[in-house]
Amino acid sequence: MNPLAQKLNETIAQENPHVYEMLSELGRLIYFPKEGILSQSAEAKVKAKKFNATIGTALENGQPMHLKVIQDTLSAYQPKDIYEYAPPAGKPELRAAWRAKMLEENPSLQGKGLGNPIVTNALTHGLSIVADLYAGPGDAVIIPDKNWENYELTFGIRRGAELVYYPLYNAERRFNAQGLRDALLAQKDKGKAIVVLNFPNNPTGYTPDAAEGAAIVGAIREAAEAGINVVAVTDDAYFGLFFENSLQESLAGHLAGLNSRILSVKIDGATKEEYVWGFRVGFITYAGQSEAMLAALEQKTMGIIRATISSGPHPSQTFVLHALQSPDFKAQKQEKFEIMKGRANRVKELLDSGKYGDVWEYYPFNSGYFMCLKLNTVTAEALRTHLLDKYGVGTIALGDTDLRVAFSCIEEANIDELFDIIYQGVLDLQSVAAK
């Protein structure tokens, strides 16, 4: 084992042996190199006043070399802010700005030993880092039965972990905290579990309320008190899009410092929050740990980044930082929020009108980008293909009965027509089946 990795492991074990136990084999082996190209280049950047022949970039006239055809489209930005490599942990100014934003929007994180956000290549990359550091063959990854399908690839296929499912909703059509608790406590013999909490949920658009949130936290606390080490991952991809009386902040703060056997890891990003899907700017933040622990986990995380993508794209980090620093940022974001809320409210109003009879029900939703219909008379895949082939309407089939509709990409004026077509598609299929 590399001495740097050994040193990090010793620090982590000393600060919290339970967190050390959470690390995967790869998580224990990984480190961020202190000696080598990056460290020598960093030293030269400070001391090499005459010539700096260390880093693999090209300079011209004292600034990064660039093509005019590219710079002409980016003339609002200095070449140093878009062409140079960003540091592996991300642009420092962006990390500081995101941390300030996170604390403002999540009061429960304040005073909780919060690390500095580390920039990732959007949220999938952040989740992949968590999988690399903490998940290994046979480890339990606990997620609801209605989930983002990429979890299986990220944790199961890539890392060999075992996905453990529980029903998202209980009989009262609220978050099934008891199901989460049972799934957690079933891992007592393993002594470890990774829990992924995704609110607003993809695909249902559901976010728990305060009482449900407290029950979730209680279930995870109970598992920790039973001797289970819990990596509690909050996938906050759609954070801020809370349209009704639900939780208005991440559960990461409530889980931070709750028990020495709980590691709170927050994954979020500008991708959906700031409507910049193609920029691929996300963050991973550790909470509820000592300064020494936070520093060690950051080094481990940077090691994974260095070993996979080296560093994230600099231009998009600069663009996001520019937005966060703009005096118009909050007003413009609120404007888009109101548009999204209007679409969600219109969907719910339409579905509650009784217009469509009993051909479907809908799962509770109050946030995010999506909602799901539960079809009562036809299969989801048959309806999906029929809608696509006959009406040119795209939806997502999930299992036998569930059809996901992304109201996020439908203008409010078109929502009625969309659901009328979906309803007509059901009637078409029922008519064929009756013959």
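In terms of surrounding Cβ atoms within a 10 Å radius of their Cβ, Trp98, Trp277 rank from fewest to most as Trp277, Trp98.
Coupling constants for the range 18-28 follow from the phi torsions by the Karplus curve (6.51 cos²θ - 1.76 cosθ + 1.60, θ = phi - 60°), and in residue order they are 5, 5, 4, 5, 6, 5, 6, 4, 5, x, 7 Hz; glycine and proline get x. The phi torsions of the range 159-176, fed into the Karplus equation with coefficients 6.51, -1.76 and 1.60 and a -60° offset, translate into couplings of 10, x, 6, 9, 7, 10, 10, 9, x, 4, 9, 9, 5, 8, 6, 10, 4, 8 Hz, rounded to whole numbers, with Gly and Pro shown as x. Relative to the longest principal axis of the Cα atoms of the chain, helix 122-134 runs at roughly 70 degrees. Using the average count of surrounding beta-carbon atoms within 10 Å as a protection proxy, the listed peptides 225-236, 74-85, 369-380 rank, highest first, as 225-236, 369-380, 74-85.
Sequence-ordered 3J(HN,Hα) estimates for the range 76-87 from the Karplus curve with 6.51, -1.76 and 1.60 and θ = phi - 60° stand at 6, 10, 6, x, 5, 9, 9, 9, 5, 5, 7, x Hz, glycine and proline given as x. By the beta-carbon count within 10 Å of each Cβ, the least crowded to most crowded order of Asp182, Asp139, fewest first, is Asp182, Asp139.
For the pair Ser326 and Gln78 in one chain, pulling the backbone fully straight at 0.36 nm per residue adds 87.6 nm over the alpha carbon distance. Peptide packing: for 56-64, 426-434, the average count of neighbouring Cβ atoms within 10 Å per residue gives the ranking 426-434, 56-64, highest mean first.
Rounded to the nearest 10 degrees, the inclination of helix 314-325 to the longest alpha-carbon principal axis of the chain is 70 degrees. Once the C-beta distance of Lys355 and Thr379 is scaled by a Förster radius of 22 Å, the resulting FRET efficiency is 0.50 to the nearest 0.05. Taking amide H positions as modeled 1.01 Å from N, with prolines and chain starts lacking one, the residues under 5 Å from Thr120 and 5 or more places away or on another chain are Gly282, Phe283, Ile284.
In the chain, helical runs assigned H by DSSP with n ≥ 4 each contribute -39500 (n - 2.57); averaged across all residues and rounded to the nearest 500, the mean residue ellipticity at 222 nm is -12500 deg cm²/dmol. Which angle from 0 to 90°, rounded to the nearest 10, does the C-alpha axis of helix 291-308 make with the longest principal axis of the chain? Computed tilt is about 80 degrees. Residue ranges 40-49, 117-126, 9-18 sort as 117-126, 9-18, 40-49 when ordered by packing (mean number of other C-beta atoms within 10 Å per residue, highest first). Backbone amide hydrogens, once placed in the peptide plane, bring Lys192 within less than 5 Å of Asn229, excluding anything fewer than 5 places away on its chain. In the range 120-207, the DSSP beta bridges split such that about 10 percent are antiparallel, to the nearest 5.
Bear in mind that the values in this text are calculations on the coordinates, not laboratory data. Treat the numbers as computed from the prediction; the structure is a model and nothing was measured. With ideal geometry, Cβ positions are generated from the backbone for all residues, glycine too; neighbour counts draw on all protein chains shown.
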